[in-house]
Amino acid sequence: DTGVSQDPRHKITKRGQNVTFRCDPISEHNRLYWYRQTLGQGPEFLTYFQNEAQLEKSRLLSDRFSAERPKGSFSTLEIQRTEQGDSAMYLCASSLARTGEKFTGELFFGEGSRLTVL
Amino acid sequence: GESVGLHLPTLSVQEGDNSIINCAYSNSASDYFIWYKQESGKGPQFIIDIRSNMDKRQGQRVTVLLNKTVKHLSLQIAATQPGDSAVYFCAENTGGFKTIFGAGTRLFVKA
């Protein structure tokens, strides 16, 4: 399967612990996005990378959240000092933007990493 | 501000009938509108998109209609099948990198 893969699929942690999620996008895709989805809601934009550059962060991304894409391939999303309100599905998506293209159309999503904070 | 919403949280249709899922948006600057399907335990899957300079676009068994006058978007699914059961999200994009999703409509297909 050459789609977007996320790891782990499920994570249960205690409040105050740190967690890290990994996303491997489709190999030729230069854009990578992180979204958060809570039950019954649509995905909420968190952050976006063009290659290795993080170009925007949502106000939802507090100081406890950090995302990286060091080599422009896989990405990690770390949440420090987790809170119960962080419990959600964290979705990663990727897309291919051609030179000068802004809207890339389809986002290819992974199956998500579900976080439960006790 | 930017927001995308849906008229109905759930829709139940008989197998073989046509389904219509509606969506309202508020950002006049949105240039692209997209429909995604999300099955249980999976990430959203792209269905179809439409640019703001169009009012209709057809795909395989799906049609998206855009009415910019009333800021309304709809997804029509022809001959609905059990495999169409899922949550459907409309989303909008202002021609950049950020796609904003609505809350979703759950479609139930009765056999």
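Filtering segment A:32-43 to residues that are crowded, with 17+ Cβ neighbours inside 10 Å and under 27 Å from residue B:105 (Cβ atoms) leaves A:33, A:34, A:35, A:36, A:37, A:42, A:43. When each of A:40, A:16, A:3 is tested for being free of Cβ contacts under 8 Å to residues at least 40 places away in the same chain and in a loop (DSSP other than H, G, I, E, B), the lone residue that passes is A:40. When the test is whether a residue is facing chain A (nearest Cβ under 10 Å) and modelled with pLDDT of 95 or more, residue B:36 passes it.
Does residue A:33 count as closer than 22 Å to residue B:33 by Cα, within 14 Å of chain B (Cβ to nearest Cβ), in a strand (DSSP E or B) and touching a residue at least 24 places away in the same chain (Cβ under 8 Å)?
yes
Taking each residue of segment B:36-62 that is over 19 Å from residue B:96 (Cα atoms) and looking for partners that are part of a loop (DSSP other than H, G, I, E, B) with beta-carbon atoms closer than 6 Å, six or more apart or interchain, yields B:38/B:44; B:42/A:111; B:43/A:110; B:43/A:111; B:43/A:112; B:61/B:78. Of the residues making up segment B:76-83, none is open to solvent by less than 50 Å² (accessible area, probe 1.4 Å), of a type outside the set (A, V, I, L, M, F, W, C), within 17 Å of residue A:42 (Cβ to Cβ) and not in a strand (DSSP E or B). In this structure, does residue B:100 turn out to be outside any loop (DSSP other than H, G, I, E, B) and either farther than 27 Å from residue A:100 by Cα or out of contact with any Leu (no Cβ under 7 Å at 6 or more places or on another chain) (or both)? It is true that residue B:100 is outside any loop (DSSP other than H, G, I, E, B) and either farther than 27 Å from residue A:100 by Cα or out of contact with any Leu (no Cβ under 7 Å at 6 or more places or on another chain) (or both). The residue that is surrounded by the fewest Cβ atoms within 10 Å (Cβ to Cβ), among those in segment A:51-88 that are polar (S, T, N, Q) and farther than 20 Å from residue A:6 by Cβ, is A:84. If I go through segment B:84-97 residue by residue, how many of them are under 29 Å from residue B:29 (Cα atoms) and assigned to a loop (DSSP other than H, G, I, E, B)? Total satisfying the criteria: 4.
Test of understanding: among B:69, B:105, B:94, which residue is open to solvent by 60 Å² or more (accessible area, probe 1.4 Å), within 14 Å of another protein chain (Cβ to nearest Cβ) and out of contact with any Lys or Arg (no Cβ under 6 Å at 6 or more places or on another chain)?
Step by step, each of B:69, B:105, B:94 is checked, and only B:94 is open to solvent by 60 Å² or more (accessible area, probe 1.4 Å), within 14 Å of another protein chain (Cβ to nearest Cβ) and out of contact with any Lys or Arg (no Cβ under 6 Å at 6 or more places or on another chain).
The values are calculated or read from the model by the stated rules, or taken from the named source; none is laboratory data. All figures in this text were calculated on a predicted structure; none of them were measured in a lab. Glycine gets a Cβ as well: all are built from the backbone with ideal geometry, and neighbour counts include every protein chain shown. In case anyone asks, the SASA skips ligands and DNA or RNA and just uses the protein heavy atoms, side chains included. Shrake-Rupley method; radii C 1.70, N 1.55, O 1.52, S 1.80 Å.
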